[in-house]
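Notes for the one structure printed next.
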Amino acid sequence: MADLIESLKNVQYFLIHIGSIAGLILAFKALHEYQRNNKYKRVEYYLKLRERFENVFFRHIESIESNDTNAINSLSNDDKLKIIGFCEDLALAVNTGLMSLEIASYMFGFYVLKCWKCDAFWVHSNVETFASI
């Protein structure tokens, strides 16, 4: 009888260890899946940002790059607001850690700096108009 009780205790300890190992494996697998899903969401956000960039910037980048005052003055406040909003969304993505500074600088930095340094872009920009929209 003592041998039977001892055998049952050994089986119990064995099952506890198997359950603990299975729990650890599942926890590591869940962590790995969470990290993978997080990377996927970051890539998805980057692709949406890239699409917005192409829609907002590419239509006007030639005039901004060449500092063409007439073309820039013809931009509506809505278009300027979209460009500024894109830059703010990019800064927010970097500051929250959603996108690294290196990736943001590499992919968008050149164009953002061109916009920032374009005096004609800012000359007729009415800050109160932007704030009220």
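A short reminder: the numbers here are calculations on the coordinates, not readings from a lab. For clarity, every value in this text was computed on a predicted model and none was experimentally measured. Every residue, glycine as well, gets a Cβ built from its backbone with ideal geometry; the counts of neighbours run over all protein chains shown.
Peptide packing: for 15-23, 46-54, the average count of neighbouring Cβ atoms within 10 Å per residue gives the ranking 46-54, 15-23, highest mean first.
The packing ranking, built from the mean of other Cβ atoms within 10 Å per residue, places the peptides 100-112, 29-41 in the order 100-112, 29-41, highest first. Modelled this way, with points 7 Å down the Cα-to-C-beta line, the labels at Tyr46 and Tyr34 are 2.3 nm from one another.
Applying Stokes-Einstein at 10 °C and 1.306 mPa s to the Kirkwood radius of the chain, computed over alpha-carbon pairs, gives a translational diffusion coefficient of 84 µm² s⁻¹. Rounded to the nearest 20 debye, the dipole size of the chain about its Cα centre is 320 debye, using +1 on the Cβ of Lys and Arg and -1 on the Cβ of Asp and Glu.
Axis angle, to the nearest 10 degrees, between helix 2-56 and the longest C-alpha principal axis of the chain: 10 degrees.
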